[in-house]
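Single-structure report; data block below.
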Amino acid sequence: MHKLFKIVTLISILALFFTNCSSQEVSNIPEETTPTSQSPTIYTGEKVQTIGISMPAAQLERWHIDADLLKTLFEDAGYDVLLSYGDNLIDTQINEINQMIDQGAQLLIIAPVDSDSLGSCIENANKANIPIVAYDRLIYHDPYLLAYVSYDNYMVGQLQAQYIVDALDLNNSDNDSSFNLEIFSGDSADNNAIYFYDGAMSILEPYIKTGKLKVLSNQTSFYGTSVSSWDTSLAHERMEVLLSSYYGTNQQLNAVLAANDSIALGVSEAIESSYNKDNQVIITGQDCDSSNIQNIRDGSQSMSIFKNLNNEAYATFCIVQNYLNGVSTGDDLTEGYDLDFTIRRDSNTYVSDDVYITSYLLSPEMVTNVNIDEILGNSQE
Ligand code: BGC
């Protein structure tokens, strides 16, 4: 197999400090260590012809769109594309990726089911000098990770929570009034889920502390509120249990922080069938899936987060192209492309094995029934 990587420089330990980004408050940095910068790598191999794309699940709408967009971009540029969908199962995804390596994939774009568990694939890819791009979800323990491309996940949570604060007018309501909230976090194996949660809690926690927001179930921790596989029916079941246990005759439920649209769907179904008060429960979401857009129009979901997948896929394409054209990963890999969206190169948020991972982060937008047409136009429906 041809030598694709050449480690050009080893950058010595830098005392990096946080700058102007919204994501800076979360990272899994062990307290005692100061992460180093990722070593720049440069592509020096022969022509890459085959790209492997591994998405985490075919069950969720967005990954089909991502896959189609990426496949089209790379095929139109003359590459062969191998594609697989993981089925939300770690072992299945690992087998599929290893198969793609066997079938000749020379560069991999992976949105992992579990950010922490791709061990054998990373080993095989490293041995064969196959670069990996972490798509939307970070991949841990790859010393040669080419880049991480995603949306600003912390900001997603902040936008969801700020919506709740504003919709309940928490800053202007009487001191002795309080509102009831329940929390549904994402799949705990997905690295993004903790960022969504932390972003949201950075806004909600002060109100929970003062008692302005009450969580009657007392279930507020990330793991205690996590919905496995982002599964709609699990979210539905948990919402039913919470409603029957805590929101009987006297208690109103005012808001549900739902981490994404597949969870929001289960929550709104349960509220529709089993919540018997007059108030409209505020429900957040993320992805602008088609059923959820309909629910926002009907009023049964309050908001979602729009992450333009065209932009995420195109940014990934540009990054890969630049890399294959010899631009070092130490430089901005979006350079030279006329992007009509904002993307922030970030080297001080995401850490893997005490190394800061170079990330390219796009900005999410909030969608409500007021701005839905303006943001989505007709193309998304
Ligand atoms: C993505 C979300 C998606 C969720 C479930 C996350 O990693 O960032 O957009 O809703 O996975 O698929």
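The values are calculated or read from the model by the stated rules, or taken from the named source; none is laboratory data. Given the structure is predicted, the values throughout are model-derived calculations rather than measurements. Note that we place each Cβ from the backbone using ideal geometry, even for glycine, and neighbour counts take in every protein chain shown.
Of all residues in region 62-113, those that are under 17 Å from Tyr151 (Cα atoms) and out of contact with any Leu (no Cβ under 9 Å at 6 or more places or on another chain) total 2. The residue list Ser273, Ser228, Ser217 contains one member that is within 16 Å of the ligand (Cβ to nearest atom) and touching a helix residue (DSSP H, G or I) at 6+ places or on another chain (Cβ under 9 Å), which is Ser228.
Per-residue answers, yes or no, for (1) within 14 Å of the ligand (Cβ to nearest atom); (2) closer than 28 Å to Phe341 by Cα:
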residue: Pro143; (1), (2): no, no
residue: Tyr163; (1), (2): no, yes
residue: Asp176; (1), (2): no, no
residue: Leu181; (1), (2): no, no
residue: Ser185; (1), (2): yes, no
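Touching a strand residue (DSSP E or B) at 6+ places or on another chain (Cβ under 9 Å) and either within 16 Å of the ligand (Cβ to nearest atom) or among the acidic types (Asp, Glu) (or both): does that describe Ser304?
Details: touching a strand residue (DSSP E or B) at 6+ places or on another chain (Cβ under 9 Å): yes; either within 16 Å of the ligand (Cβ to nearest atom) or among the acidic types (Asp, Glu) (or both): yes.
So Ser304 fits the description; yes.
Would you confirm, using the coordinates I've provided, whether Ala147 is under 25 Å from Asn310 (Cα atoms) and either in contact with an Asp or Glu (Cβ under 7 Å, 6 or more places away or on another chain) or more than 16 Å from the ligand (Cβ to nearest atom) (or both)?
Values: under 25 Å from Asn310 (Cα atoms): yes; either in contact with an Asp or Glu (Cβ under 7 Å, 6 or more places away or on another chain) or more than 16 Å from the ligand (Cβ to nearest atom) (or both): yes.
Against the criterion (under 25 Å from Asn310 (Cα atoms) and either in contact with an Asp or Glu (Cβ under 7 Å, 6 or more places away or on another chain) or more than 16 Å from the ligand (Cβ to nearest atom) (or both)), Ala147 qualifies.
The set of residues from region 180-199 being buried (at least 20 other Cβ atoms within 10 Å of the Cβ) and over 16 Å from Val227 (Cα atoms) comprises Leu181, Gly199. One residue stands out among those in region 296-328 that are more than 22 Å from the chain's Cα centre (by Cα) and surrounded by 21 or more Cβ atoms within 10 Å (Cβ to Cβ): the one that is farthest from Leu73 (Cα to Cα), which is Tyr323.
Only one entry of Gln286, Gln252 meets the criterion of being within 14 Å of the ligand (Cβ to nearest atom) and either under 13 Å from Phe184 (Cα atoms) or of a type outside the set (A, V, I, L, M, F, W, C) (or both), and that entry is Gln286.
Restricting to region 116-141, give me the number of residues that are hydroxyl-bearing (Ser, Thr, Tyr), within 16 Å of the ligand (Cβ to nearest atom) and either surrounded by fewer than 21 Cβ atoms within 10 Å (Cβ to Cβ) or outside any loop (DSSP other than H, G, I, E, B) (or both). Of the residues in that region, 2 qualify.
Can you tell me which residue within region 204-214, out of those that are surrounded by fewer than 18 Cβ atoms within 10 Å (Cβ to Cβ) and at negative phi, is farthest from the ligand (Cβ to nearest atom)?
In the first step, residues of region 204-214 are kept if they are surrounded by fewer than 18 Cβ atoms within 10 Å (Cβ to Cβ); the result is 205-206, 208-211, 214.
Filter once more, keeping what is at negative phi: 205-206, 208-210, 214.
Details: Glu205: 22, Pro206: 26, Ile208: 24, Lys209: 28, Thr210: 31, Lys214: 27 Å.
Here the answer is Thr210.
Leu234 meets each of the listed conditions (1) surrounded by fewer than 22 Cβ atoms within 10 Å (Cβ to Cβ); (2) in a helix (DSSP H, G or I); (3) more than 16 Å from the ligand (Cβ to nearest atom) apart from (3). Candidates Glu96, Glu31, Glu75: the one that is surrounded by fewer than 20 Cβ atoms within 10 Å (Cβ to Cβ), at pLDDT 95 or above and either away from the ligand (no atom under 16 Å from the Cβ) or not hydrophobic (A, V, I, L, M, F, W, C) (or both) is Glu75.
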